[in-house]
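One structure is given here, and the rest of the page talks about it.
The values are calculated or read from the model by the stated rules, or taken from the named source; none is laboratory data. It should be emphasised that the depicted structure is a prediction, and the values quoted were computed from it without experimental measurement. Heads up, the Cβs are rebuilt from the backbone with ideal geometry, glycines too, and the neighbour counts pull from every protein chain shown. With ligands, DNA and RNA removed, areas are computed over all heavy atoms of the protein, side chains included. Shrake-Rupley method; radii C 1.70, N 1.55, O 1.52, S 1.80 Å.
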Amino acid sequence: MYALEQKILAEGIVLSEEVLKVDSFLNHQIDPVMMQQVGQEFARLFKDAGITKIITIEASGIAPAVMAGLELGVPVIFARKYQSLTLKDDLYRSKVFSFTKQIESTIAISKKHINATDKVLVIDDFLANGQAALGLADLIHQAEATVVGIGIVIEKSFQPGREFLIDKGYRVESLARVKSLANGTVEFVRD
Ligand code: G4P
């Protein structure tokens, strides 16, 4: 997605060969216009897939997921990473290990928001090792619903997440694919 790549080139900060900081429009401050375009692109890619729901994970997945939900006209559920005061319902839970942070967390969604007839699009901000997307897909499978695809805003293609998820049979659509962060420079995958 050209506009997103330009945004990354203009505002992204390469923190190391593995980490890209985009807190001016995605991970801290949010650019609503950019997020609207991101939502439109996800909607274009998945418009014929019969999606009934979008699932993401707090916090940074919420903005792109809501914009995609607005475009597709479907509700958006965000999995909780922290215990909620009010979320006392029956929950689907899954464990997610972050290689980046070297911690395991439990994610959860209420059983009442998803059922076996749902066709679900998973959305997340970054794809690194694929563990967050896998955890979200696990929640969807527990509900016996269908994972239609996984939509990612920024994929780090030099990490194994994409192949890992494709090997498991999922359709993965990433709007920006970062091939390398070497020498302080962002290079994109060109197909
Ligand atoms: P994985 O889900 O693909 O396996 O990724 P991993 O566990 O390694 O990533 C853990 C967290 O770090 C996630 O956010 C992910 O979005 C974020 N992350 C991974 N690589 C980068 C990167 O290069 N740049 C930035 N900005 N973030 C990255 P999180 O902990 O869930 O945080 P948040 O959603 O609350 O912001």
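Kindly check whether there is at least one residue in region 113-126 that is within 16 Å of the ligand (Cβ to nearest atom) and surrounded by fewer than 18 Cβ atoms within 10 Å (Cβ to Cβ). Scanning region 113-126 turns up no residue that is within 16 Å of the ligand (Cβ to nearest atom) and surrounded by fewer than 18 Cβ atoms within 10 Å (Cβ to Cβ).
For region 158-190, taking the residues that are among the aromatic types (Phe, Trp, Tyr) and farther than 30 Å from ALA145 by Cβ, the one that is surrounded by the most Cβ atoms within 10 Å (Cβ to Cβ) is identified as PHE158. Restricting region 139-162 to residues that are part of a strand (DSSP E or B) and near the ligand (Cβ under 10 Å from one of its atoms) leaves a set whose member that is nearest to LYS53 (Cα to Cα) is ILE152.
If you go through region 113-127 and keep only what is free of Cβ contacts under 8 Å to residues at least 60 places away in the same chain and over 18 Å from LYS53 (Cα atoms), you end up with just LEU127. Within region 1-31, the set of residues being free of Cβ contacts under 8 Å to residues at least 12 places away in the same chain and either under 18 Å from ALA63 (Cβ atoms) or small (Gly, Ala, Ser) (or both) comprises ALA10, LYS21, ASP23, HIS28, GLN29. Would you please list the contacts, defined by Cβ atoms under 8 Å and residues six or more apart or on different chains, that run from a residue in region 87-110 that is more than 18 Å from ASP124 (Cα to Cα) to a residue that is surrounded by fewer than 13 Cβ atoms within 10 Å (Cβ to Cβ) and not aromatic (Phe, Trp, Tyr)? Final answer for the pair search is ASP89/LYS112; ASP90/LYS112; SER110/LEU87; SER110/ASP89; SER110/ASP90.
Would region 16-26 turn up any residue that is away from the ligand (no atom under 12 Å from the Cβ), open to solvent by 70 Å² or more (accessible area, probe 1.4 Å) and at pLDDT 95 or above? Looking through region 16-26, none of the residues is away from the ligand (no atom under 12 Å from the Cβ), open to solvent by 70 Å² or more (accessible area, probe 1.4 Å) and at pLDDT 95 or above.
Filtering region 127-139 to residues that are more than 18 Å from GLU173 (Cα to Cα) and buried (at least 21 other Cβ atoms within 10 Å of the Cβ) leaves only LEU139.
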